[in-house]
Amino acid sequence: MSLLVVGLSHRSAPVSVLERAALSADGQVKLLQDTVAAEPATEAAVLATCNRIELYADVDKFHAGVAELSTLLAQHSGVGLEELTPYLYVHYEDRAVHHLFSVACGLDSMVVGEGQILGQIKDSLARAQDLHSAGRLLNDLFQQALRVGKRAHSETGIDRAGQSLVTFGLEQLARGGDVQQWARGKKALVIGAGSMSSLAAATLARAGVAEIVVANRTVDRAERLAQILSEGDDTDVLARAVPMESVPAELTRADVTVSCTGATGLVLTAESVAGAVEGRTPAPAAGSGGDGPGAPGGESGSTTGSGERRGGASGTSLGSEDGCPLDLSAVQGTAGFSVLGEAAVAGMAAADLEQHAAWVDNGTAGGDRRAAGGTARPGRTGTLDPAADTDAIAALAATVATVGRIPERRRPEPVEEPRRPEPVLFLLDLAMPRDIDAAVHRLAGVRLVDIESLAEASAGAPMAADVDQVRRIVSDEVAAFGAALRAAHITPTVVALRTMAADVVAGEIARLDGRLPGLDDKHRAEITQTVRRVVDKLLHAPTVRVKQLAAEPGGAGYADALRTLFDLDPETVAAVSRAEDSTTEKDRGPA
């Protein structure tokens, strides 16, 4: 039998596909039951989180196993197989072990290093144990994955490389600022009372929010969470529980809302959120609209990087500039218009171009002369003296004759977008499928962070040196687990061989009793012990060596060779294996 995992995650599929493929608790149970009922698989476990759905199985055929597991995922997720297949990944044998260990350490999480995945792996194992779909392989695998994850967090600083999805989401709401400073004094609404919502509520309480309202379909669970928050020793937060029907009213009071439920539809629509913020959005800040400095039609006293004015002199209307041949009043309100730009002089006659060029060249109030022989006129803009600035005018006229236009000396003034008002309601959606309508992103006065935006924000997160150390731990643990697994495959064969040898010894002692009926008990015991020592010494070196060889890559064939050389009964080997599995199951504690 061989380990196989087929799944999809935030690394392989867009959020829209993950959202549709999400499995409810009942859906996970049915998937497990159907998987172990399928022909290629004897064991199965499902790891389903907000950004991954993975099906682990012990299969006897690789290709048949991949086809069957892929089909089952498609059937139970509701996403067609043809649509789902491009987003699926497959890991087999050691690669499957490596993948789960990496997941357990937080290396494959959206937020690298987050520790919440350990609890989710533990829940997956417990579910498989309750349904008896996890046998010896998957029990050992998931138990070891939990140990590897704990080792990574205790021996390295992987926690510094990332944090829980909740903390990362709150940091995004705070735009990377200090979460405690941002959250202090705010009123929070937490929708849902599951593990993720509870973590969010506890994180907000520690951050210093003044009040937390917990809404849940089962009010008892909401009341239990509110009580835990209120009685916490490390927080001083007022917490209370409300039914889901109270969410619209509570939303109008909340400053920050976190939602993570198992609902299949939207919990908060764009219309309900818009209604909650209506009348609370502050007016746009002064100067953020179209009347501020630098806006089209406004007074423009800003300078370019070289210190040149973009418009006329301070206090002078553009339309009344002395010496400018253009009708500026007709064009000064045009978006992006530059008084001194080439677009303003397109189509002018050569004489007017000369006059405009002279006006442009002397257009800085109080500035230095920019043409040889020209005379600056501080405090105002006027025409050049043709006699004194003949060279400058001639140079500009020559340029016009050559290139057909006045060279652009100023970039058009940028058009400023009206600023969005500062958010009055912060929303964090950690559910999959989503609880909050994505259209909320477009609402003024609202800041929404959801799984999709978290994935984008975390894509370029720098990897800490601790991550490399965790990767080495994972590699070492994968090698050790593989060696132990391969050695375990040969153990039933070795036990069957020793059982056969013991039967041979017992048979020979019985024959001796028949041939020497007068043999006393003392001598019989001595002879029996001697024969057993001989057999043990003959078998010791081969059995120890075969276990060592079997633990190496490609060592699975040594068990077959041992069975063939000693003509061992396959049913005897299988019986030993079943007995070991039964003993292991009895001795195994809770996940």
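Going by the conditions given, is GLU43 open to solvent by less than 40 Å² (accessible area, probe 1.4 Å), within 24 Å of the chain's Cα centre (by Cα) and of a type in the set (Asp, Glu)? Criteria not met by GLU43. Residues that are surrounded by fewer than 17 Cβ atoms within 10 Å (Cβ to Cβ), at pLDDT 50 or above and over 30 Å from SER195 (Cα atoms): does the stretch 270-278 have at least one? So far as the stretch 270-278 goes, yes, one or more of its residues are surrounded by fewer than 17 Cβ atoms within 10 Å (Cβ to Cβ), at pLDDT 50 or above and over 30 Å from SER195 (Cα atoms).
Here the stretch 405-442 is the region considered, the condition is being of a type in the set (Lys, Arg) and surrounded by fewer than 16 Cβ atoms within 10 Å (Cβ to Cβ), and the residue that is modelled with the lowest pLDDT is ARG411.
Results for (1) surrounded by 20 or more Cβ atoms within 10 Å (Cβ to Cβ); (2) free of Cβ contacts under 8 Å to residues at least 12 places away in the same chain; (3) within 26 Å of ASP26 (Cα to Cα); (4) under 24 Å from the mean Cα position of the chain (by Cα), shown as yes or no for each residue.
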{"position": "LEU55", "(1), (2), (3), (4)": "yes, no, yes, yes"}
{"position": "ALA67", "(1), (2), (3), (4)": "no, yes, yes, no"}
{"position": "LEU73", "(1), (2), (3), (4)": "yes, no, yes, yes"}
{"position": "LYS122", "(1), (2), (3), (4)": "no, no, yes, yes"}
{"position": "ASP130", "(1), (2), (3), (4)": "no, yes, yes, no"}
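Of all residues in the stretch 183-201, those satisfying the criterion of being at pLDDT 90 or above and surrounded by fewer than 21 Cβ atoms within 10 Å (Cβ to Cβ) are ARG184, GLY185, LYS186, LYS187. Go through (1) over 24 Å from the mean Cα position of the chain (by Cα); (2) at negative phi; (3) surrounded by fewer than 18 Cβ atoms within 10 Å (Cβ to Cβ) one by one and return the number of the condition GLY157 breaks. Among (1) over 24 Å from the mean Cα position of the chain (by Cα); (2) at negative phi; (3) surrounded by fewer than 18 Cβ atoms within 10 Å (Cβ to Cβ), the lone unmet condition for GLY157 is (1). Open to solvent by 10 Å² or more (accessible area, probe 1.4 Å), part of a helix (DSSP H, G or I) and under 26 Å from ASN51 (Cα atoms): does that describe ARG175? No, not satisfied. Identify the residue in the stretch 1-25 that is part of a helix (DSSP H, G or I) and of a type outside the set (A, V, I, L, M) and, among all such residues, is least open to solvent (accessible area, probe 1.4 Å). Selected residue: GLU19.
Annotation: LEU170 fulfils all but one of (1) assigned to a helix (DSSP H, G or I); (2) crowded, with 21+ Cβ neighbours inside 10 Å; (3) more than 27 Å from the chain's Cα centre (by Cα); the unmet one is (3).
Give the stretch 142-169 a look and list any residue that's within 23 Å of ARG206 (Cα to Cα) and touching a strand residue (DSSP E or B) at 6+ places or on another chain (Cβ under 7 Å), or say none. Result: GLY169, single match. With the requirement that a residue be in a helix (DSSP H, G or I) and open to solvent by 10 Å² or more (accessible area, probe 1.4 Å), what does the stretch 84-113 give you? Matches in the stretch 84-113: THR85, PRO86, TYR87, ASP94, ARG95, HIS98, HIS99, SER102. Just checking, which of ALA591, ALA561, ALA550, ALA574 is in contact with a Phe, Trp or Tyr (Cβ under 9 Å, 6 or more places away or on another chain), part of a helix (DSSP H, G or I), at pLDDT below 85 and on the phi < 0 side of the Ramachandran plot? Of the residues listed, the single one that is in contact with a Phe, Trp or Tyr (Cβ under 9 Å, 6 or more places away or on another chain), part of a helix (DSSP H, G or I), at pLDDT below 85 and on the phi < 0 side of the Ramachandran plot is ALA550.
Remark: pairs (first residue in the stretch 210-222, charged (D, E, K, R); second residue open to solvent by 50 Å² or more (accessible area, probe 1.4 Å) and assigned to a loop (DSSP other than H, G, I, E, B); Cβ separation under 9 Å; 6+ apart in sequence or on different chains) = GLU211/ARG253. Among the candidates LEU131, LEU138, LEU125, LEU84, the residue that is of a type outside the set (Lys, Arg) and closer than 29 Å to SER16 by Cβ is uniquely LEU84. Checked against (1) open to solvent by 20 Å² or more (accessible area, probe 1.4 Å); (2) within 16 Å of GLY185 (Cβ to Cβ), LEU204 passes all but a single condition, namely (1). Would you say ARG533 is free of Cβ contacts under 8 Å to residues at least 24 places away in the same chain, basic (Lys, Arg) and open to solvent by 60 Å² or more (accessible area, probe 1.4 Å)? So ARG533 passes the test.
The values are calculated or read from the model by the stated rules, or taken from the named source; none is laboratory data. The structure presented is a predicted model; accordingly, all values stated were derived computationally and were not measured. Note that we place each Cβ from the backbone using ideal geometry, even for glycine, and neighbour counts take in every protein chain shown. Accessible surface is based on the protein model in full, side chains and every heavy atom, while ligands, DNA and RNA are left aside. Shrake-Rupley method; radii C 1.70, N 1.55, O 1.52, S 1.80 Å.
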